[in-house]
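Got a structure here, written out as structure tokens. Questions coming.
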Amino acid sequence: MQQIRDAIRNISDFPKPGIDFKDITPLLASGPLFKKTIDAFAERHKDNRIDVVVGIEARGFIFASALAYALEAGTCLVRKPGKLPHTVHRESYELEYGTDAVEIHLDAFEPGQRILIIDDVLATGGTVGATARLIRSNFDVEVVELNFLMEIGFLNGREKLVGEKIFTLIND
């Protein structure tokens, strides 16, 4: 996993001063490292019968699509408001200053399906927490686990996800 960690570039003061942005584009640009990343998630879930891999906008889409392919599962996109073309369910969540929301199509899942949620980074936990609530409150499915490429521990996102099964490939 050290090679994967080393391929993630830290960009200071982006998108604003005081923020250290985790740039995953070098990881994505390396076919062998991207494959190694997806293979690690796929190996974890090879015996879990995952029916649908949910990707959270936007970088979660990259991992969800590749992982769904590896697991022979479907893919579902969770997006910010107004970006999905069909009727949606919506879940709002609190930000440091204000609120935001995530949406999913009304017909995203069949009853009884096993769902894996994946995103690139677990930071504050707000978006993924809203995604898990959105899915559980609107569908008769099982959320198997929340997966992340990396976790930024000092932001304490895990604390907002009490009761969730969480796996991160690397920790920062």
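Applying the selection to region 41-58, what residues are over 8 Å from the mean Cα position of the chain (by Cα), under 25 Å from ASP23 (Cα atoms) and not acidic (Asp, Glu)?
PHE41, ALA42, ARG44, VAL53, ALA58
Ok, one more. Among the residues of region 155-167, is any in a strand (DSSP E or B), under 20 Å from ILE4 (Cβ atoms) and either among the small types (Gly, Ala, Ser) or at pLDDT 95 or above (or both)?
Taking region 155-167 as the starting set, the residues that turn out to be in a strand (DSSP E or B) are 166-167.
This time we only want the ones that are under 20 Å from ILE4 (Cβ atoms), so: 166-167.
Narrowing further to those that are either among the small types (Gly, Ala, Ser) or at pLDDT 95 or above (or both): 166-167.
Yes: one or more hits.
Cβ-Cβ below 7 Å, separation at least six or inter-chain, first residue in region 4-32 and of a type in the set (S, T, N, Q), second part of a loop (DSSP other than H, G, I, E, B): which pairs?
What qualifies is SER30/ALA7.
Under the condition of being in contact with a helix residue (DSSP H, G or I) (Cβ under 8 Å, 6 or more places away or on another chain) and without any contact (Cβ under 8 Å) to a residue 60 or more places away in the chain, which residue from region 109-130 is nearest to ALA40 (Cα to Cα)? Lay out the reasoning, then the answer.
The initial filter retains those residues of region 109-130 that are in contact with a helix residue (DSSP H, G or I) (Cβ under 8 Å, 6 or more places away or on another chain), namely 109, 115-126, 128-129.
In the following step, the residues that additionally are without any contact (Cβ under 8 Å) to a residue 60 or more places away in the chain were identified as 109, 122-126, 129.
Numbers: PHE109: 25, LEU122: 17, ALA123: 21, THR124: 24, GLY125: 22, GLY126: 25, GLY129: 23 Å.
Looking at residues that are in contact with a helix residue (DSSP H, G or I) (Cβ under 8 Å, 6 or more places away or on another chain) and without any contact (Cβ under 8 Å) to a residue 60 or more places away in the chain, I get LEU122.
Still on this model: From the residues in region 99-136 that are hydrophobic (A, V, I, L, M, F, W, C) and in a loop (DSSP other than H, G, I, E, B), which one is nearest to LEU28 (Cα to Cα)?
Among residues in region 99-136 that are hydrophobic (A, V, I, L, M, F, W, C) and in a loop (DSSP other than H, G, I, E, B), the one nearest to LEU28 (Cα to Cα) is ALA123.
So, one more: Please find, within region 41-76, the residue that is surrounded by the fewest Cβ atoms within 10 Å (Cβ to Cβ) out of those that are under 25 Å from GLU94 (Cβ atoms) and touching a Gly at 6+ places or on another chain (Cβ under 6 Å). Don't jump to the end; show me each part of the working.
Applying the first criterion (under 25 Å from GLU94 (Cβ atoms)) to region 41-76 yields 54-61, 64, 76.
Then keep just the ones that are touching a Gly at 6+ places or on another chain (Cβ under 6 Å); that gives 61, 64.
Values: PHE61: 19, ALA64: 27.
The qualifying residue surrounded by the fewest Cβ atoms within 10 Å (Cβ to Cβ) is PHE61.
In region 131-140, which residues are touching a residue at least 40 places away in the same chain (Cβ under 8 Å) and within 24 Å of ALA42 (Cβ to Cβ)? Walk me through it before giving the result.
Initial filter on region 131-140 (touching a residue at least 40 places away in the same chain (Cβ under 8 Å)): 131, 133-135, 137-138.
Matches in region 131-140: THR131, ILE135.
Hey, does region 68-90 have a residue that's in contact with a Cys (Cβ under 9 Å, 6 or more places away or on another chain) and assigned to a strand (DSSP E or B)?
No; the residues of region 68-90 include none that is in contact with a Cys (Cβ under 9 Å, 6 or more places away or on another chain) and assigned to a strand (DSSP E or B).
Out of the residues in region 1-40 that are among the β-branched types (Val, Ile, Thr) and surrounded by 13 or more Cβ atoms within 10 Å (Cβ to Cβ), state the one that is farthest from ALA68 (Cα to Cα). Spell out how you get there, then give the answer.
The first filter runs over region 1-40 and keeps only residues among the β-branched types (Val, Ile, Thr), leaving 4, 8, 11, 19, 24-25, 37-38.
Keeping just the survivors that are surrounded by 13 or more Cβ atoms within 10 Å (Cβ to Cβ) gives 4, 8, 24, 37-38.
Values: ILE4: 20, ILE8: 23, ILE24: 19, THR37: 13, ILE38: 10 Å.
The residue in question is ILE8.
If you don't mind, there's one more thing I want to ask. Considering only residues that are among the aromatic types (Phe, Trp, Tyr) and within 13 Å of the chain's Cα centre (by Cα), look in region 113-170 and name the one that is nearest to LYS80 (Cα to Cα). Full working, then the answer.
Taking region 113-170 first, the residues among the aromatic types (Phe, Trp, Tyr) are 139, 148, 154, 167.
Filter again for within 13 Å of the chain's Cα centre (by Cα), leaving 148, 167.
On the way: PHE148: 19, PHE167: 24 Å.
Here the answer is PHE148.
I'm checking my understanding of the structure. Among residues of region 14-58 that are among the small types (Gly, Ala, Ser) and part of a loop (DSSP other than H, G, I, E, B), which one is modelled with the highest pLDDT?
SER30
The values are calculated or read from the model by the stated rules, or taken from the named source; none is laboratory data. Model, not experiment: these values are computed from the prediction. All Cβ positions, even for glycine, are placed from backbone atoms using ideal geometry, and neighbour counts span all protein chains on display.
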